[in-house]
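Notes follow once the structure below has been shown.
Rule-based calculations on the coordinates, nothing more; no lab input. Note that this is a predicted model, so its numbers are computed, not measured. Methodologically, a virtual Cβ is constructed for each residue, glycine included, from the backbone with ideal geometry; neighbour enumeration extends over all protein chains shown.
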Amino acid sequence: MFLINCPYCGERDQQEFKAGGEAHIERPKQPTELSDDEWAEYLFMRKNIKGVQFERWNHAHGCRKWFNMVRDTSNDEIKAIYKMGEKPPAQ
Amino acid sequence: MTKSLRVKSSEYIDETNRISFKFNGKTYHGFKGDTLASALLANNVHLVGRSFKYHRPRGIMTSGSEEPNAIVQVNPGTNRTEPNVRATEVEIYEGLEATSQNCWPSVEFDIGGINNFLSPFFPAGFYYKTFMWPASFWEKYEFFIRHSAGLGKSPTSNDPDIYDHRNIHCDVLVVGAGISGILAAKNAAKNNFKTLLVDEKNELGGSTIFENNEFNKIDNKTPSEWLKKEIEELKNIKNLEIKTRTSVAAYHQYNYLLARENLTDHLEAKDKTNKIRQRLLKIRAKKVILATGALERPLIFNNNDRPGIMLSSAIKKYSEFYGVACGSKNVFFTNNDSAYESALSLYNKGINVEAIIDIREESESKIVKKVKEAGIKVYWSHTIVDTAGYKRLNGISIMKLSNDGTSVTGSKISISCDCLGVAGGWTPAVHLYTQSGSKLKFDEEKQIFLPNQNTSGQISVGSCGGDFKIDEIIKNLNQKLKDNLNIKETDLDNIKVEIDQENSKRNIWLLPSDKPLGKTKPFVDYQNDATAKDIKLALREGFRSIEHVKRYTTTGMGTDQGKLGNMHALGIIADTAGVKMGELGTTTFRPPYTPLTFGTIVGRNVGKFFDIFRRTPINEWHVENKAEFENVGQWKRAWYYPINGETMHQAVQRESKAARESAGILDASTLGKIDIQGSDASEFLNRVYTNAWSKLAVGKCRYGLMLNEDGMVYDDGVTTRLGENHYIMTTTTGGAANVLGKLEDYLQTEWPELDVYLTSVTDHYATASLCGPNSKKILKKIIPDLDLSDENFPHMSFKEVHIGNIQCRIMRISFTGEHSYEINVQASYGKDLWEKCIEAGKEFNITPYGTETMHLLRAEKGFIIVGQDTDGTMTPIDLQMDWIVSKKKYDFIGKRSLYRSDTMREDRKQLVGLLTDDPNIVLEEGAQIVSELNQSPVEMLGHVTSSYFSPNLKKSIALAVVRGGKDMMGKKLFVPMENKNINVTVANPVFYDQKNERLNA
């Protein structure tokens, strides 16, 4: 059970949060101009790596804000948390 | 007659407080402070259970939570009964009853004992290998296998006890109150850390509290005396909370631990009532100090499981702590010095110790010399090759061990004894440590797994960290505390320790016998009857991974999770396969460390608190009017309103006719409602719905379909424009929370530039949906001032009016195809509004209807229900709802996906109507649809999604999804059922009023 430092509320128990998949996948601005393959790349393809992963999380039972998390999936260490729209921290 | 084996008064046993209890129907006596195990041993009862597979007689082996054999059913036949309880952990109280498990008719005479003689036929994987064929016989086999599976019996009536959960936040959590745990907790608390110390036992002090080895001294006192003084001092320390009878079950990431605090299990029945029995502590600690100690290992030799064979450390604890002698003729079998301490403990109390069998060549420690001086015979380089006695050990045979330890030589010596203490060394209790995600490393010299790579915020101290000698424990504990808690000085700086240094050990995982392995029974996992033979067989059959061998042989899979034998299993595998233990790794230690009751896990969330129910503001009226309810998500919705003993079918037929012929009323309060405001609200709706919203006039309503980005229908509902920058969106009942979440997600992450604010107002409004040709007249009676003409208040429009003083929003929208109004008022006025409608509708026979009638009425009109007629694979085109997909809009959620090659396939499943050739046959929802009956394999075209008998059309109607169904209008298909084939015809899904004339009727 993670202890997650919500950038708006501070440290809270994981059960207040919802995981939202891989971060930094931007919705294409002009979807109609994409080929099927390009659209499928946005729609379906997600990384599932053992190691450092960028994820979206939502404080669903709290402030309801979305934010980003850098997590090492091999040991669940949360390496960084930053707000939506902010640049990911340098590796 | 049983003779008492009490040997001395112990300060932990209150001999003035005599307690009677029953075991297997017979009354025994013990004292306050006894466990069931110590009390039985004092009564010379060793035989307490039968093993799982072979039904071999088994006795008490340990004195703690690692006990594999002495697991009993407590208070059988009562509502407080509990199976698989370790007798070594049950504190006795007046009136306690316990019975043996896995035996019939009794533990003394057990029919299942025949399995012991049939054991050559029950090798590892017996069930997998035997019951494979013929496949069709499995059901017959299963009946018998299930019958013999399992150990104890679950209670059959409701648990009378109360359970509780508590959250605890602390700076330092210390797990285990042995010498290292006590010293760690004391020093943490003294340095202003808010500290919690927990221990599974009822007394603090671990094994040091009865450590009276005269060669070990702390500040010139015996360890036991010294520790008692330390414990006494704990009482005066602030910041320190101590919880005994509290077992940590799980250690999760980020120092989140679950512990079970046992509050009433040791009390008499009359004192248990109305008290919390067990409490689950949910602990979040900044630092965790693991001081979980070590478990003594047994030795693996032929017939090492007879009642009377125990861990050497357990014999010592029973003697020193409980004042009980486990036998009158004792022998010890060891590979290290600890058995000598146990032997001396008995000797000093005048209990006979016949001999010590030591597999080492010699040992020169002070304690060994002392034992020799006491005249106890020591057989060096010897091993036990067999034991005798069926229900109680009565003798052992020993032989000389060869130099390499793989065989025996010389002649056999028989020794008569009734109790054998085995000492195979110590295994650090690293279970919680690994649960936390930390990694172990095998120490080849000590032959133990030790903590290696910690996750942050934890320390292992004492023997669970690999320090076994008191001087090492104190020195390393001191350093770890200073390093991890940033403490400058501790109490431990000036402690003077003297110890008996020698501690040689000879490790042989599987001891040889004079018989070949195939003719012996060296048990590795006592509870599951897995022997060294089974493990070797698994290896011969090709299993290599320790996880596979474990599952195949069931080693370590009992309620004790192999706390005693797992290391030997690993050792035997490593030796046999010729690999190093460190490379082999360990099996995964999973929570809970000791079993938890379901009560503890669920806490207060039982009965009506098991799951939360949401009820509408009109609920009370539904209850008063005898509605039947159905669960929709967390909501309790009125399902139908039976009168005069009607069946559901009869009630629904009546309600459906009334709604179309005169007037019906539905509680629609559960529909999700999202208030949308902001200057970009229209643009936002354009992006989330498939149709266009910019031109919707203020005061008008529009139906919208929401897709996922993959183009599949996600939700639907009517949205009303309340003002220039103000909309109210309705969602499906079950989808409300998810839709809000999805809209918030897009607003926050993809379109943060939009000026839009979302508020869930589902619970703020109550909604009555008034429908039918007389609905207009009823509403007129309630609001005489409102002009209800089609010109002023047309279909798909909205009015904000007052009924008396109550402000209300009325939408003229319809989910039934009838002229209808949805009246929304502030939730607290909901029942009042409803009753007004009922009162005004009396003269029109207004009929309240529930969700079932609502479903029927909308099905007559071919309106979909998202989640019933769709399943996450249906696009609007599949639903024949092309009309709602804007061609002009540049983009909306899911638009691009509607032009993927897959979503444009002609042969996708599409929504159609189905009519049965026999109008009286109602199809089953979920039934499969085919076009050919004699095809093999038959091609499934689709399935029925909604099906009803329509009282208004006087025939059966159904909605279905059928592959390529759009082009099948009029085609004959079949619905094959178990006993018959039903002929159906594909039809228009709008069955009733295809021209929508009734909306303005």
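Here is the link list: B:LYS909/B:LYS980; B:LYS780/B:LYS995; B:LYS861/B:LYS980; B:LYS888/B:LYS909; B:LYS53/B:LYS377. Which ones come out longer than 32 Å on Cα distance?
Beyond 32 Å between Cα atoms: B:LYS53/B:LYS377.
Could you work out the pair-distance distribution P(r) of the stretch B:312-424 from its alpha-carbon pairs, with 5 angstrom bin width and percents rounded to whole numbers?
2, 12, 24, 24, 20, 12, 4, 1, 0
Take the Cα pairs of the stretch B:683-729, get the Kirkwood Rh, then feed it into Stokes-Einstein at 37 °C and 0.692 mPa s and tell me D in µm²/s.
Stokes-Einstein gives a translational diffusion coefficient of 301 µm²/s.
Return the percentage of antiparallel bridges among DSSP beta bridges fully within the stretch B:292-434, rounded to the nearest 5 %.
45 percent
Counting Lys +1, Arg +1, Asp -1, Glu -1, what net charge surrounds B:ASN452 among other residues with beta carbon under 11 Å of its beta carbon? Intermediate results must be reported in sequence, preceding the final value.
On the way: positive: B:LYS439, B:LYS441; negative: B:ASP443.
For residues surrounding B:ASN452, the net value is +1.
Please get the size of the charge dipole for chain B, origin at its Cα centre, with Cβ charges of +1 on Lys and Arg and -1 on Asp and Glu, quoted in debye to the nearest 20.
It comes to approximately 1320 debye.
Run through the DSSP bridge list for the protein assembly as shown and note the antiparallel percent, rounded to the nearest 5. Provide the component values of the computation, followed by the final result.
Numbers: 152 of 198 bridges.
Here the share of antiparallel DSSP bridges comes out near 75 percent.
Counting Lys +1, Arg +1, Asp -1, Glu -1, what net charge surrounds B:ASP967 among other residues with beta carbon under 12 Å of its beta carbon?
+2
What value, in deg cm²/dmol to 500, does the helix sum -39500 (n - 2.57) over DSSP H runs of n ≥ 4 give at 222 nm once divided by the residues of chain B?
For chain B, the value works out to -6000 deg cm²/dmol.
Hey, how many Å between the Cα centroid of the stretch A:2-59 and the Cα centroid of the stretch B:483-545?
46 Å
Which loop trypsin sites (Lys or Arg not before Pro) in the stretch B:909-1001, with loop taken from DSSP, have no more than 12 other Cβ atoms within 10 angstrom of their Cβ?
Those satisfying the criteria are B:LYS954, B:LYS980, B:LYS995.
For chain A, just give the cysteines left without a disulfide-compatible partner, judged by no other Cys Cβ under 4.7 Å.
A:CYS63
Which of the chymotrypsin sites (Phe, Trp or Tyr not before Pro) across the stretch A:1-75 are loop residues per DSSP, with 12 or fewer other Cβ within 10 Å? Intermediate results must be reported in sequence, preceding the final value.
Values: sites: A:PHE2, A:TYR8, A:PHE17, A:TRP39, A:TYR42, A:PHE44, A:PHE54, A:TRP57, A:TRP66, A:PHE67; in loops: A:PHE2, A:TYR8, A:PHE17.
Those satisfying the criteria are A:TYR8.
Rounded to whole Å and ordered largest first, report the semi-axes of the equivalent ellipsoid of the stretch B:158-244 derived from its Cα gyration tensor (root of 5λ).
28, 18, 9
For the stretch B:735-829, build the convex hull from the C-alpha positions and give me its volume per residue in Å³.
Per-residue hull volume (Cα only) is 134 Å³.
Pull up all non-local amide H partners of B:ILE168: gap of 5 or more, or a different chain, and H-to-H distance under 5 Å with H placed in the peptide plane.
B:LYS282, B:ILE283, B:ARG284
With Cβ to Cβ distances under 14 Å as the rule, what net charge do the other residues near B:LYS608 carry (K, R +1; D, E -1)?
Surrounding charge for B:LYS608 is +3.
Over what distance in Å are the Cα centres of the stretch B:195-237 and the stretch B:852-897 separated?
So the separation of the two Cα centres works out to 72 Å.
Label point 7 Å out from B:GLU472 along Cα-to-Cβ: which residues of the stretch B:435-465 have amide N under 11 Å?
The answer is B:445-448, B:462-465, whose backbone nitrogens lie closer than 11 Å to the label point.
For the stretch B:520-657, give the share of DSSP beta bridges that are antiparallel, in percent and rounded to the nearest 5; count only bridges with both residues there.
Antiparallel bridges make up about 90 percent of those DSSP assigns within the stretch B:520-657.
Specify the inter-centroid distance of the stretch B:619-659 and the stretch B:899-947, based on alpha-carbon positions, in whole Å.
Computed from Cα coordinates, the inter-centre distance equals 30 Å.
Provide B:SER397, A:SER35 in ascending order of the number of other Cβ atoms located within 10 Å of each residue's Cβ, fewest first.
Going from least to most buried by this count: A:SER35, B:SER397.
How far is helix B:338-348 tilted off the main Cα axis of chain B, in degrees rounded to 10, range 0 to 90?
Relative to chain B, helix B:338-348 is tipped by roughly 60 degrees.
Hey, can you grab everything whose amide H is under 5 Å from the amide H of B:ASN69? Only 5+ residues off in sequence or another chain; H modelled, so Pro and N-termini drop out.
Amide H neighbours of B:ASN69, under 5 Å, 5+ apart: B:MET61.
Counting C-alpha atoms alone, how compact is the stretch B:762-885: give Rg to one decimal and Dmax as a whole number, in angstrom.
16.1, 48
Show which lysines lie in cross-link reach of B:LYS608 when reach means a straight Cα distance below 16 angstrom and same-chain residues fewer than eight apart are skipped.
Answer for B:LYS608, where 16 Å is the Cα cut-off: B:LYS636, listed by chain and number.
So who's got an amide H within less than 5 Å of the one on B:VAL524, skipping anything under 5 residues away but keeping other chains? H placed 1.01 Å off N, in plane.
Distant-sequence amide H within range of B:VAL524: B:ALA530, B:THR531, B:ALA532.
Against the empirical 2.2 N^0.38 Å scaling, what ratio does the C-alpha Rg of chain B come to?
Expressed relative to 2.2 N^0.38 Å, the Cα Rg reads 1.24.
Can you give me the angle between helix B:566-577 and the longest principal axis of chain B, using Cα atoms only, in degrees from 0 to 90, rounded to the nearest 10?
80 degrees
Treating cross-link reach as a plain straight distance, find the aspartates and glutamates whose alpha-carbon is under 18 Å from the alpha-carbon of B:LYS515, omitting any fewer than eight places away in the same chain.
Correct list for B:LYS515: B:ASP305, B:ASP386, B:ASP404, B:ASP534.
Enumerate the lysines that B:LYS742 could reach by cross-link, defined here as Cα to Cα under 17 Å, with residues fewer than 8 away along the same chain left out.
The qualifying lysines are A:LYS18, A:LYS65, B:LYS673, B:LYS895.
Say the dipole of the protein assembly as shown comes from +1 at the beta carbon of Lys and Arg and -1 at that of Asp and Glu; which of B:TRP693, B:SER897, B:SER414 then lies farthest toward its positive end?
Most positive-ward Cα: B:SER414.
Once the Cα atoms of the protein assembly as shown are picked out, what are the Rg and Dmax in Å?
Both quantities, over Cα of the protein assembly as shown: 37.1, 115 Å.
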